[in-house]
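**Q** Below you will find the structure I want to go over with you.
The values are calculated or read from the model by the stated rules, or taken from the named source; none is laboratory data. The model shown is predicted, which means the values in this text are computed figures rather than measured ones. Here the Cβ is made from the backbone with ideal geometry for all residues, glycine too, and neighbour counts use every protein chain on show.
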């Protein structure tokens, strides 16, 4: 009798596995995909970067450029004067190079000591972990933080702080193990569809806490923190439609949502008495045509002229703060 029960259980188990395999096959044939983790980074509409081609998985940072370790190693024997942290606006921007050229005129000692460690698609969750694990050990004199866009996009299914839970015994470890299976993704899609909406990658409260921790961690390690607000080229009523679904629940939310995160950057800078480079205010005050020329079509990433404005604004703020001027080893102030 026991043998008969065992055979039935075995047959049931095999039938279940066959059904799962068939469902997996059909879902893949249909092209179904609902990843819990990012597989495609949109860093400049409409040119996507495929994660597996340009980036590699990192246990704590989720993903990093494939040459990330080499870039860090190149700075281990020399101290960066300025380390630029941020997302794709930093990684693929030119403002750090334009800023370095401007600074060289009045602080030649800082030449060739500017380190861009921005990574596309990153939020402050990743930036904070990067700062503590990879950047502060390099002992940068100044650290700039330029985040805000990715934090308020809809999550990939779970907030970044939960995606980053990489300990083997963490409940999410099981999800990590099976996240590439389409059946698991279908279950996840149904689960999240039952809720009103997916949460932001980083909540407003966590965004505040992350920025605060960045500023304090930098200071505790002898670095001067500088906060940047993320400028926007969007116009109310003309929000990019591609943002709907993947990034936003409703495109009409874009401007007020982004402004709330910008206000948090300002609030943290004021509370922590950290230098603030209020790019959002600077670009908002530009004449319409100049503002339009400063952004690419997505209204997020800057053109070369926009990056020039960032560099000019950075220089102006640095010259207004004696602590920053002193750290740069300025020989004269214009």
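**Q** Are any residues in the range 63-90 crowded, with 22+ Cβ neighbours inside 10 Å, out of contact with any helix residue (DSSP H, G or I) (no Cβ under 8 Å at 6 or more places or on another chain) and closer than 21 Å to residue 136 by Cα, and if so, which ones?
**A** none
**Q** Also, I was wondering about something else. Counting only residues that are part of a helix (DSSP H, G or I) and either buried (at least 21 other Cβ atoms within 10 Å of the Cβ) or touching a helix residue (DSSP H, G or I) at 6+ places or on another chain (Cβ under 7 Å) (or both), how many does the range 245-263 have?
**A** Summing the residues that are part of a helix (DSSP H, G or I) and either buried (at least 21 other Cβ atoms within 10 Å of the Cβ) or touching a helix residue (DSSP H, G or I) at 6+ places or on another chain (Cβ under 7 Å) (or both) in the range 245-263 gives 7.
This table checks each residue for (1) under 30 Å from residue 163 (Cβ atoms); (2) in contact (Cβ under 8 Å) with a residue 40 or more places away in the chain.
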| residue | (1), (2) |
| --- | --- |
| 79 | no, yes |
| 88 | yes, yes |
| 93 | yes, yes |
| 98 | no, yes |
| 109 | no, yes |
| 113 | no, no |
| 118 | yes, no |
| 121 | yes, yes |
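**Q** With respect to residue 302, determine if the residue is surrounded by 20 or more Cβ atoms within 10 Å (Cβ to Cβ), at pLDDT 95 or above, more than 23 Å from residue 204 (Cβ to Cβ) and assigned by TED's automatic domain parsing to the domain that holds residue 81. Before the answer, list the steps.
**A** Numbers: surrounded by 20 or more Cβ atoms within 10 Å (Cβ to Cβ): yes; at pLDDT 95 or above: yes; more than 23 Å from residue 204 (Cβ to Cβ): yes; assigned by TED's automatic domain parsing to the domain that holds residue 81: yes.
Taking the combined requirement at face value, the residue satisfies it.
**Q** Return the only residue of 190, 224, 183, 235 being modelled with pLDDT of 75 or more, farther than 24 Å from residue 85 by Cβ and more than 16 Å from the chain's Cα centre (by Cα).
**A** Exactly one of 190, 224, 183, 235 is modelled with pLDDT of 75 or more, farther than 24 Å from residue 85 by Cβ and more than 16 Å from the chain's Cα centre (by Cα), namely 235.
**Q** On the given criteria, is residue 169 at pLDDT 90 or above and either assigned by TED's automatic domain parsing to the domain that holds residue 289 or in a loop (DSSP other than H, G, I, E, B) (or both)?
**A** no
**Q** Here is a list: 225, 231. Which entry is assigned to a loop (DSSP other than H, G, I, E, B), in contact (Cβ under 8 Å) with a residue 60 or more places away in the chain and touching a helix residue (DSSP H, G or I) at 6+ places or on another chain (Cβ under 6 Å)?
**A** Numbers: 225 fails: assigned to a loop (DSSP other than H, G, I, E, B).
Result of the check over 225, 231: 231.
**Q** OK, next. Quick one: residue 93 ticks every box in (1) touching a helix residue (DSSP H, G or I) at 6+ places or on another chain (Cβ under 7 Å); (2) surrounded by fewer than 22 Cβ atoms within 10 Å (Cβ to Cβ); (3) over 19 Å from residue 224 (Cα atoms) except a single one, so which number is it?
**A** Exception for residue 93: condition (2).
**Q** Let me ask something additional. Please go through (1) modelled with pLDDT under 95; (2) over 16 Å from the mean Cα position of the chain (by Cα) for residue 62 and return the number of the only condition it doesn't satisfy.
**A** The one condition residue 62 does not meet is (2).
**Q** Within the range 264-304, which residues are in contact (Cβ under 8 Å) with a residue 60 or more places away in the chain, assigned to a loop (DSSP other than H, G, I, E, B) and touching a strand residue (DSSP E or B) at 6+ places or on another chain (Cβ under 6 Å)?
**A** none
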